[in-house]
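What follows is a set of notes on a single structure, which appears directly below.
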Amino acid sequence: MDTLKVRDAKDVEEVVRAAIADDQPLEIIGHGTKRTIGHPMATNAVLDLSALNAVTSYEPNELIITVQAGAPLADVQSLIDSKNQQFAFEPMDTSALLGVSGSGTIGGMIGAGLAGPRRIKAGGARDHLLGAHAVSGFGDSFKTGGKVVKNVTGYDLCKLLAGSWGTLAVMTEVTLKVMPKPESERTLVLSGLDDATANRAMTSALGSPYDVSGAAHLPNSAFRPATGELAGFSTQGRAVTLLRLEGIAASVADRANSLGKTLAPFGSVDMLEDAASATVWDAIRDVEPFAAGGALGAWPVWRIVCPPAAGGALGQALARDSGGDVIYDWGGGLIWAALPPKPDALAALVRQRVEAAGGHASLIRASEQTRQNVDVFHPQADGLAALSQRVRNSFDPKIILNRGRMLPMSAP
């Protein structure tokens, strides 16, 4: 396979134009940590952006950072952490789930758009993307957005790049909003709730005035293979429901006390503080119970987004009917489901149940053979599919960029 390692945006333009002339589709990678998500791509040429790794500018007082797309995510997070700042949407590190090393690049973070537990409060990756420089499937460079939080530029095209999996344009540089890290955090822990009751507890907490920034539920099955940060967290393997509060220490303590009283009908409340709390939420963000190196490492993993109120019943039914395991985030609005290995990853069952609940499901981990035969991303309704097709044609009419990743090769 030919690997084309570019040095700057001009190189990217030249590579894309040559690919168009030769009708040679390109696979776009940074560090390649997410290459196994999506349909297998039929290409023998790779556009490697890893050399575009500079931080162009960082203005901590303005809460803005501009960085090239190939910059290692871990390095950028270390830089902003040194200024006591963070990406508030908690970008997921998929390395443990997929069984690869490294946390990927900034471009991969935006292209995947996988936000962590704080999404319920802070929004997703696209909500923190202020601007981008990119090269379209025409081989032309373009700029969208800007470097200020309040930016008026007509169509906010940079939002389309978040979650596009490299299919619309090759990002070369992005500008992101960063936020101060909270002074303190506490996590309230309820033990032994079933999925439906936990769903009600999370809904109660999120509907309270106490500014909850994380709401997750780990059924008792999640601790069956518990390793890493969750090992020993639930000594009796009991289900745990977690509610996180963040902010100024005095405020967090007061809100935790008040929320504990609100949750009293659901049982006794334990407390995790600061480092212990952060460790558990990192494990939830990265779906540690289903890690590739764990007991369920050979099982396909689905990422299901649904109305939060429907989450408990949906997850419970999926686990019961498939023999799989589930964990809940976003107050029940995000379900991670590890299902027993089947040639189709039980796609028909998953999609039937998810659509009935008003949600959508993506197959995040599965064998290459399964990903060839199953719709990895949720099939769109006709109207939305037509709109998506028009957007794609506007950016990349010859489908040069990551051809076949989001739609099977037989699709238009």
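Summary of computed values
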{"read-out": "Heavy-atom accessible area ranking, 1.4 Å probe, most first, across Thr241, Thr56", "value": "Thr56, Thr241"}
{"read-out": "Helix-only mean residue ellipticity at 222 nm for the chain, each DSSP H run of n ≥ 4 adding -39500 (n - 2.57), per residue, nearest 500", "value": "-9000 deg cm²/dmol"}
{"read-out": "Among Leu188, Leu97, Leu384, residue whose mean-square fluctuation peaks in a GNM of the chain (springs only between Cα atoms under 10 Å)", "value": "Leu384"}
{"read-out": "Tyr58 accessible area, assembled protein chains, probe 1.4 Å, Å²", "value": "50"}
{"read-out": "For the chain, convex hull of alpha carbons as volume per residue, Å³", "value": "135"}
{"read-out": "At most 10 other Cβ within 10 Å, DSSP loop - trypsin sites (Lys or Arg not before Pro), segment 1-90", "value": "Arg7"}
{"read-out": "Heavy atoms of Leu63 accessible to a 1.4 Å probe, total area in Å² rounded to 10", "value": "50"}
{"read-out": "Peptides 371-383, 116-128 ordered by average Cβ neighbours within 10 Å, highest first", "value": "116-128, 371-383"}
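The values are calculated or read from the model by the stated rules, or taken from the named source; none is laboratory data. Predicted, not measured: the structure shown is a model, and the values here were computed from it. Reconstructed Cβ throughout: ideal geometry from the backbone, glycine too, with neighbour counts over all protein chains shown. Only protein heavy atoms, including side chains, enter the accessible area calculation; ligands, DNA and RNA are left aside. Shrake-Rupley method; radii C 1.70, N 1.55, O 1.52, S 1.80 Å.
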